[in-house]
Amino acid sequence: MTSLVKKLDSTKGINSFVIFMSDDENLKDAAVKLAEKEGIKHTIFAIDNPAGPGGYKIHKDAEVTVLLYTGGEVKANHAYRKADFNAKAVDAIIKDIPKISDK
């Protein structure tokens, strides 16, 4: 996940955020440390309940879900089990960025 966040963080023309869906009380400190360690400067980190934000239709079996949207409309939805989230998955997500980017 870190490689994807770093790529999104450095992509001009988009805003990005990461929502950790967990009730782990230590997650906030871990997220802050991760951002500092990896030099993530523009991506917002947030924590929500394990079911995730209402209305996002997060697949319950997905370990990682990436929504690319603009103007309130989802342009791409990528959902992965942990074992399937790899460099190839990151490349597929990055390939869809033009769907939401001004550039």
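The values are calculated or read from the model by the stated rules, or taken from the named source; none is laboratory data. Given the structure is predicted, the values throughout are model-derived calculations rather than measurements. Positions of Cβ are backbone-derived with ideal geometry, glycine not excepted, and every protein chain shown enters the neighbour counts. Protein only, heavy atoms only, side chains kept; ligands, DNA and RNA dropped before computing areas. Shrake-Rupley method; radii C 1.70, N 1.55, O 1.52, S 1.80 Å.
A few notes on this one:
- Segment 48-103 - Rg (one decimal) and Dmax (whole number), Cα, Å: 12.1, 34
- Accessible-area value, T2, 1.4 Å probe, nucleic acids and ligands omitted, Å²: 40
- DSSP beta bridges in the chain [antiparallel fraction, %, rounded to 5]: 60
- For K41, the lysines whose Cα comes closer than 19 Å to its Cα, not counting residues fewer than 8 places off in the same chain, are K6, K7, K12, K28, K33.
- Rolling a 1.4 Å probe over the protein chains gives K7 an accessible area of about 90 Å².
- 3J(HN,Hα) couplings calculated from phi for segment 50-67 with the Karplus curve 6.51 cos²θ - 1.76 cosθ + 1.60 (θ = phi - 60°) are, in sequence order, x, 6, x, x, x, x, 7, 6, 6, 5, 5, 8, 7, 7, 9, 10, 10, 10 Hz; Gly and Pro show x.
- For the chain, GluC sites (Glu not before Pro) are listed when DSSP marks them as loop and at most 12 other Cβ atoms sit within 10 Å of their Cβ; the list is E25.
- For the chain, accessible area per residue (1.4 Å probe, heavy atoms of protein chains only), Å²: 71
- A straight Cα-to-Cα reach below 16 Å connects K82 with the lysines K60, residues fewer than 8 places away in its own chain not being considered.
- MRE, 222 nm, helices only [DSSP H, n ≥ 4, -39500 (n - 2.57), over the chain, to nearest 500]: -8000 deg cm²/dmol
- Neighbourhood net charge (15 Å Cβ-Cβ; Lys/Arg +1, Asp/Glu -1) for A51: -3
- For segment 23-72, a Kirkwood radius taken over Cα pairs fed into Stokes-Einstein (25 °C, viscosity 0.890 mPa s) yields D = 189 µm²/s.
- The chain: mean projected area of Cα convex hull, nm²: 6.5
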